[in-house]
Amino acid sequence: MTIESTLQDQQIDFDPRDFRNALGVFVTGVTVVTTLNTSGEPIGLTANSFSSVSLSPPLVLWSLSLRSPNLSNYLQATHFLVNILSDKQADISDRFARSNSNKFEGLDYKKSQQGLPQLNGISAYFECRTEARHYSGDHVIFIGQVINYQYNGSPTLVYSRGQYKILES
Ligand SMILES: Cc1cc2nc3c(=O)[nH]c(=O)nc-3n(C[C@H](O)[C@H](O)[C@H](O)COP(=O)(O)O)c2cc1C
């Protein structure tokens, strides 16, 4: 029996909280993925599922819960922008991790080349054209071709075991 068929045949029923805790052992950065909704208004959410995929062509990915109230907006968007948060932006991460229609209220940001929200004070950004969308389980994986990026020396915010951490340099 192959691993694939074993996985398919078994009823896998982990405790969701415990499975999440196990995944949280893997240390990540924190991003805010922004785009425009169908009315042209800025939207964004905190995501640590960001990962690099390919250098040539330059591809990255992130995944979005099917439960997101903005699912249809992210699905229709031709572009998205990944803001890599710096170590002073835990409050920004918290702000964008709450379902709220006015996440951008009172927030300073620039417009990228494609007119997407590029937050101030970030460590890096990757502006992407949506290359592919893959439905997988309870998330959609977005793969983006990077059309534009920038980075600086600001230390990045780190997320580990459900908590923000600051790297000692
Ligand atoms: C550190 C951190 C990482 C997160 N990563 C993701 C992610 O990769 N994908 C996702 O769909 N939600 C992720 N979330 C949860 C969303 O940010 C949260 O559900 C938010 O309310 C979604 O915004 P929305 O309701 O406007 O869609 C993360 C939350 C935190 C605090």
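The values are calculated or read from the model by the stated rules, or taken from the named source; none is laboratory data. Note that this is a predicted model, so its numbers are computed, not measured. Cβ placement follows ideal geometry from the backbone for every residue including glycine, while neighbour counts extend to all protein chains displayed.
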Just one listed residue, out of Gly137, Gly121, is loosely packed, with under 12 Cβ neighbours inside 10 Å and either modelled with pLDDT of 95 or more or farther than 17 Å from Val30 by Cα (or both), and it is Gly137
Could you run through region 58-78 and say how many residues are out of contact with any Lys or Arg (no Cβ under 8 Å at 6 or more places or on another chain), touching a residue at least 40 places away in the same chain (Cβ under 8 Å), closer than 16 Å to Ile141 by Cβ and not in a strand (DSSP E or B)? 5
Among the residues of region 6-22, is any in contact with a Leu (Cβ under 8 Å, 6 or more places away or on another chain) and modelled with pLDDT of 95 or more? no
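Here's the yes/no breakdown for (1) in a strand (DSSP E or B); (2) away from the ligand (no atom under 11 Å from the Cβ):
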position: Val32; (1), (2): yes, no
position: Thr35; (1), (2): yes, yes
position: Gly44; (1), (2): yes, no
position: Ser49; (1), (2): no, no
position: Ser56; (1), (2): no, yes
position: Leu81; (1), (2): yes, yes
position: Phe104; (1), (2): no, yes
position: Gln113; (1), (2): no, yes
position: Tyr135; (1), (2): yes, yes
Identity of the residue in region 83-102, surrounded by 16 or more Cβ atoms within 10 Å (Cβ to Cβ), of a type outside the set (Asp, Glu) and more than 20 Å from Ile141 (Cβ to Cβ), that ends up nearest to the ligand (Cβ to nearest atom): Ser93
